[in-house]
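Heads up: the structure comes next, in structure tokens.
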């Protein structure tokens, strides 16, 4: 049985080297301030000195306009809405997971989704995922699958039921959306 080698503790980076490391991380993928700080903590010494070094590098990146949670939230929301066809709730969950502040999430989502027809976006998601209209003897089961996928994609139950009704899918009265489900 093979055992994994013990990882060598990497030498802490100096401030210029940490700045280069952070710029490289940002060049590979857009990141929030929290994500970048988490990555940099592995490359500095533990304690107050390391945190101060991270804070100085983050301040420098913000000064250079390489790092901005506002820009990250706007880009993330736009990409998830336009490319992935995700609903508002799914994008909100992603931003929360990446450490974006609640107020910034609310303002970004209200701006991005103010003119969006959620039913049309749900239909685009269905088309993108090549989901088929529920038919046959197990139509209810298929409709439940479609409903679950749309819920996970971040659409409100009102939008989901409108899509299912447009397909003439039989829906149980107990499955009707409540007023609490309104966004």
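Details
- Any hit, region 59-70, residues being surrounded by 14 or more Cβ atoms within 10 Å (Cβ to Cβ), over 17 Å from the mean Cα position of the chain (by Cα) and not in a helix (DSSP H, G or I): yes
- When residue 54 is tested against (1) closer than 26 Å to residue 92 by Cα; (2) assigned to a helix (DSSP H, G or I); (3) in contact (Cβ under 8 Å) with a residue 24 or more places away in the chain, exactly one condition is not met: (1).
- Scanning region 57-101 for residues that are under 24 Å from residue 10 (Cβ atoms) and free of Cβ contacts under 8 Å to residues at least 40 places away in the same chain returns 58, 59.
- Comparison of 108, 77 shows that the only residue that is more than 17 Å from residue 159 (Cα to Cα) and either at pLDDT below 95 or more than 12 Å from the chain's Cα centre (by Cα) (or both) is 108.
- Taking the numbered list (1) surrounded by fewer than 19 Cβ atoms within 10 Å (Cβ to Cβ); (2) farther than 30 Å from residue 167 by Cβ in turn, residue 115 passes all entries but (2).
- Unmet requirement for residue 97, which otherwise passes all of (1) within 20 Å of residue 40 (Cβ to Cβ); (2) assigned by TED's automatic domain parsing to the domain that holds residue 167: (2)
- Region 143-167, subset outside any helix (DSSP H, G or I) and at negative phi, residue surrounded by the most Cβ atoms within 10 Å (Cβ to Cβ): 155
The values are calculated or read from the model by the stated rules, or taken from the named source; none is laboratory data. Everything quoted here is computed from the prediction, not taken from an experiment. Cβ coordinates were reconstructed from backbone atoms using ideal geometry, including for glycine residues, and neighbour counts include every protein chain displayed.
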